[in-house]
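Asks: Handing you this structure, nothing more for now.
The values are calculated or read from the model by the stated rules, or taken from the named source; none is laboratory data. The structure displayed is predicted, hence computed values, not measured ones. Here the Cβ is made from the backbone with ideal geometry for all residues, glycine too, and neighbour counts use every protein chain on show. Ligands, DNA and RNA are excluded from the accessible area calculation, which covers all protein heavy atoms including side chains. Shrake-Rupley method; radii C 1.70, N 1.55, O 1.52, S 1.80 Å.
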Amino acid sequence: MNSKGAVVATPTQVYEDFVPSSKLVKEEHCDTIHLNLAGFKKEQMKVILTSTGILKIGGQRPIGQNKWQRFHKEFPVAENCDKSKISAKFENGILRVQQPKIASLANKDKELAARGAENTPAAKRQKTSLRDEFSKQDNAGINTPAKEEPKKASPKIGEQTEAKSVAENKLPADKSSSSSSSSSESESESTDDETDDATTGNTSNYLAANLKKPRKVIKLTLVALSVLGIGLYVANVMKSANEAEE
């Protein structure tokens with residue numbers, strides 16, 4: 001109504017409906033709804049959760065000459081969602097509505113997702129190929145004869161053999177050295193005195209003959225010791241017999 005009492009008609013608002021693009025991002029602990037609302041402001045939209053578990057998101061904004069742009073979308077809330085922790089955040093023209101999951105149900109969903117992944121055709125083919133590969137390896141292990149490990153010589157036996165060979169190699173050298181030393185002594189003595197030369201020559205020849213026969217000398221020594229021991233034993237027996245008669 002103006003100053004003259006005439007009624008002034010209110011201009012009617014014209015609404016232009018549009019459907020914003022949206023996507024649902026599922027994560028382990030939370031599901032998030034993304035709405036692209038470029039050009040809107042935070043105070044121009046509303047997020048309402050109904051008692052039946054429906055998320056209602058709507059809003060409107062003026063675009064000029066009594067024209068308004070509005071939208072309205074509804075999203076069902078998942079059963080494993082903790083409704084008391086639902087939150088919304090508007091930033092850079094993107095509205096994000098987070099729906100946290102209940103811990104026990106989140107783990108259950110994770111197990112179900114893992115089982116679903118195992119039951120896919122690709123997973124079944126992979127299991128079959130792995131099973132065939134293991135069976136081939138088992139058959140190969142059964143059919144392949146075990147390799148015999150080479151026997152290793154005992155360290156003690158090796159040392160004894162080496163010591164024996166060294167001792168055998170040293171014996172001829174010792175004999176030759178002794179014979180050469182005796183011959184050199186005889187030659188030096190022969191230049192000094194011809195008489196001593198003959199005696200020394202006989203002595204060196206005797207020593208050389210004895211050195212060439214060490215085993216015979218050892219055997220003779222053992223025989224002499226045995227005879228001596230037997231004689232002492234017989235003497236002791238006779239002595240004890242005489243004392244017994246007295």
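Asks: Which GluC sites (Glu not before Pro) in the stretch 6-67 pass both tests, a DSSP loop state and at most 11 other beta-carbon atoms within 10 Å? Don't skip to the end; give the middle numbers.
Replies: Numbers: sites: Glu16, Glu27, Glu28, Glu43; in loops: Glu27, Glu28.
Taking the stretch 6-67 and a limit of 11 other Cβ atoms within 10 Å, the loop GluC sites (Glu not before Pro) found are Glu27, Glu28.
Asks: Also, I was wondering about something else. Can you check what the net charge comes to around Ser87, using other residues whose Cβ is under 15 Å from the Cβ of Ser87 (Lys, Arg +1; Asp, Glu -1)?
Replies: Working: positive: Lys42, Lys46, Lys83, Lys85, Lys89, Arg96, Lys101; negative: Glu27, Asp31, Asp82, Glu91.
So the surrounding residues net to +3.
Asks: Sticking with this one: The stretch 32-92: which trypsin sites (Lys or Arg not before Pro) are DSSP loop and have at most 11 other beta-carbon atoms within 10 angstrom?
Replies: Working: sites: Lys41, Lys42, Lys46, Lys56, Lys67, Arg70, Lys73, Lys83, Lys85, Lys89; in loops: Lys41.
Here the sparse-neighbourhood loop sites are Lys41.
Asks: Per 0.36 nm of contour for each residue apart, how much would the distance between Thr221 and Glu118 grow if the chain were fully extended, relative to their Cα-Cα spacing?
Replies: Numbers: separation 103, 0.36 × 103 = 37.08 nm, distance 9.32 nm.
In short, 27.8 nm is gained.
Asks: Share of the stretch 39-102's accessible area from carbon and sulfur, percent, 1.4 Å? Walk me through the numbers on the way to the answer.
Replies: Numbers: 1950 of 4160 Å².
The computed percentage sits at 47.
Asks: How charged is the neighbourhood of Asp17? Take every other residue with its Cβ under 13 Å from the Cβ of Asp17, and add Lys/Arg as +1 and Asp/Glu as -1. If you can, show how the numbers build up before the last one.
Replies: On the way: positive: Arg61, Lys67, Arg70, Lys73; negative: Glu16.
Result for the neighbourhood of Asp17: +3.
Asks: If you don't mind, there's one more thing I want to ask. How do Asp31, Asp132, Asp82 stack up against each other in accessible area, from largest to smallest, with a 1.4 angstrom probe?
Replies: On the way: Asp31 15, Asp132 75, Asp82 40 Å².
Reading off the accessible areas and sorting them downward yields Asp132, Asp82, Asp31.
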